[in-house]
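The structure appears right after this line, and notes come after that.
Any read-out appearing in this document is the output of simple, stated calculations on the displayed coordinates, not a laboratory observation. Keep in mind that what you see is a predicted model, and the values were worked out from it rather than measured. For neighbour counting, all protein chains shown are included, and Cβ atoms are generated from backbone atoms with ideal geometry for every residue, glycine included.
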Amino acid sequence: MSEVRILQELPVAPDARILGGHPQDARAGCYAPAMLGWLATAFVLVPLAELYILLRIGQAAGFLPTLGIVIGTGVLGAWLARHEGLRTARAIREELDAGHVPADRLMDAALIFAAGLLLLTPGILTDITGFLLLAPPVRTLIRRRIKEALRKRFAGPGPQRPGAGGAPPGVIDDVIDVEWTQADDGNGNDVLPP
């Protein structure tokens with residue numbers, strides 16, 4: 001019951017997309033239809049564009065040079081991803097040893113992993129994207145954008161209960177202020193007050 005009440009009291013973002021037409025889905029942050037559209041577009045258009053580019057390169061340079069480009073970028077990309085991955089793993093270890101949370105390095109590791117996957121995928125567009133993700137300045141820019149998006153997504157007013165005494169907006173006041181006295185029966189035994 002309390003979960004339903006809390007969900008009903010959550011603010012609804014103006015751009016919230018409702019999954020299945022249920023208002024609680026918007027409050028819970030379901031952006032599934034929009035994300036599904038982007039993924040479907042990416043999985044259809046990117047391979048078609050890659051195929052078109054590879055066919056054009058094959059027509060201009062021939063089959064063997066095109067195959068060499070695909071294999072060469074895959075091998076070079078795997079080596080660079082391994083090199084950057086080991087460097088990032090070393091930086092993570094150093095930050096952990098210093099007692100710091102390596103959040104930025106972990107994001108770098110995820111981006112390097114994505115770059116490795118893109119570089120092993122045959123195609124020119126995926127190779128260009130993968131090589132860009134291996135460049136530290138590009139990763140820094142993407143990491144900053146991800147942090148901003150996460151901050152916007154999770155910052156702001158949280159669940160609020162009407163009449164929750166004295167808490168500032170966006171903070172749930174779970175403290176109950178109670179005055180009490182301890183009573184005993186004169187023999188050192190605690191008793192409940194009337």
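Tabulated data
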| item | result |
| --- | --- |
| Pair Ala135, His100: separation of 7 Å Cα→Cβ label points (nm) | 2.5 |
| Sites Lys152 and Trp38 - FRET efficiency at Förster radius 22 Å, r taken between beta-carbons, to 0.05 | 0.75 |
| C-alpha center-to-center spacing [the range 91-130, the range 35-64] in angstrom | 24 |
| Extension gain, Asp185 back to Leu86 (0.36 nm per residue minus Cα-Cα distance, nm) | 28.6 nm |
| Segment Trp79-Ala110, extension gain: residue separation times 0.36 nm, minus the distance between their alpha carbons | 9.5 nm |
